[in-house]
Amino acid sequence: MTDANYVQLQELDHLFRKLVRKYVKERDKITIEGITLPGVMILRQISLLGEQRMSDLAEQLDLSSGAITAQCDKLEEGGYAERIRYKEDRRTIYLNITEQGIGLLERYHNIGQLNMELIFRGFSQDEVTQQLHIFRKLIENVEGMSEQIMSAVVVNDKNEQSTDESSPNRESDQAVAKHRPAQPQTQQSKNDHFLSY
């Protein structure tokens, strides 16, 4: 890897994380009749597929169990959705949309389209097609990332524990180096400095 490539990857990593943070920050500012955009997404999912287990909604919408519970609490408090427990399995909680929730979706039916148009405005059809390819590849790359990084950490920890006092870091440094690309030494300007791990 050349110095120029490494600097570009640093910038790409920085911009990717900045995009995710900025999107979540902007998304969480949006409330419609007291319901945040993720809450509207939950209602939309239920309206399309029928009542859903809360655990399935969390999986489908990439929300943590805590986040899905908080969203469902808001939806239920507002009268937009209702939790359902069946006698056969009292432990499994389903969420269904109410008439009031259907009304909210009808009143704001264009929110999803507006959201997409704002995010991807100014992109040509070719650029949209290219981004589809890039995002699919990124999702594939991110899958299992935590396990790969944690295995490198475990190897490092084991090597640190097994090294003697005369060379405390030599083997662990070599083990970790096997799991990451070499970082070229570059002379970067202040504008080229990107926050990393």
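Here are the numbers:
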| item | result |
| --- | --- |
| Packing-based ranking, highest mean first, of 1-8, 77-84, 153-160 given that Cβ atoms within 10 Å are counted | 77-84, 153-160, 1-8 |
| Distance between the range 57-88 and the range 1-20 - C-alpha centres, whole angstrom | 37 |
| Burial ordering of 134, 111, fewest other beta-carbon atoms within 10 Å first | 134, 111 |
| Footprinting exposure proxy for 136, 17 (fewest neighbouring C-beta atoms within 10 Å first) | 136, 17 |
| Radius ratio Rg over Rh of the range 3-124, counting only Cα atoms, Kirkwood formula for Rh | 1.09 |
| Filter on 25/74; 18/137; 22/137; 29/137 - keep pairs with C-alpha separation over 26 Å | 29/137 |
| Rg over Rh [alpha-carbon atoms, Kirkwood Rh] for the range 71-139 | 1.20 |
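Just so you know, all these numbers are worked out from the coordinates, no wet-lab data involved. Keep in mind it's a predicted model, so treat the numbers as computed, not measured. Please note: Cβ atoms are built from the backbone with ideal geometry, for glycine as well, and neighbour counts cover all protein chains shown.
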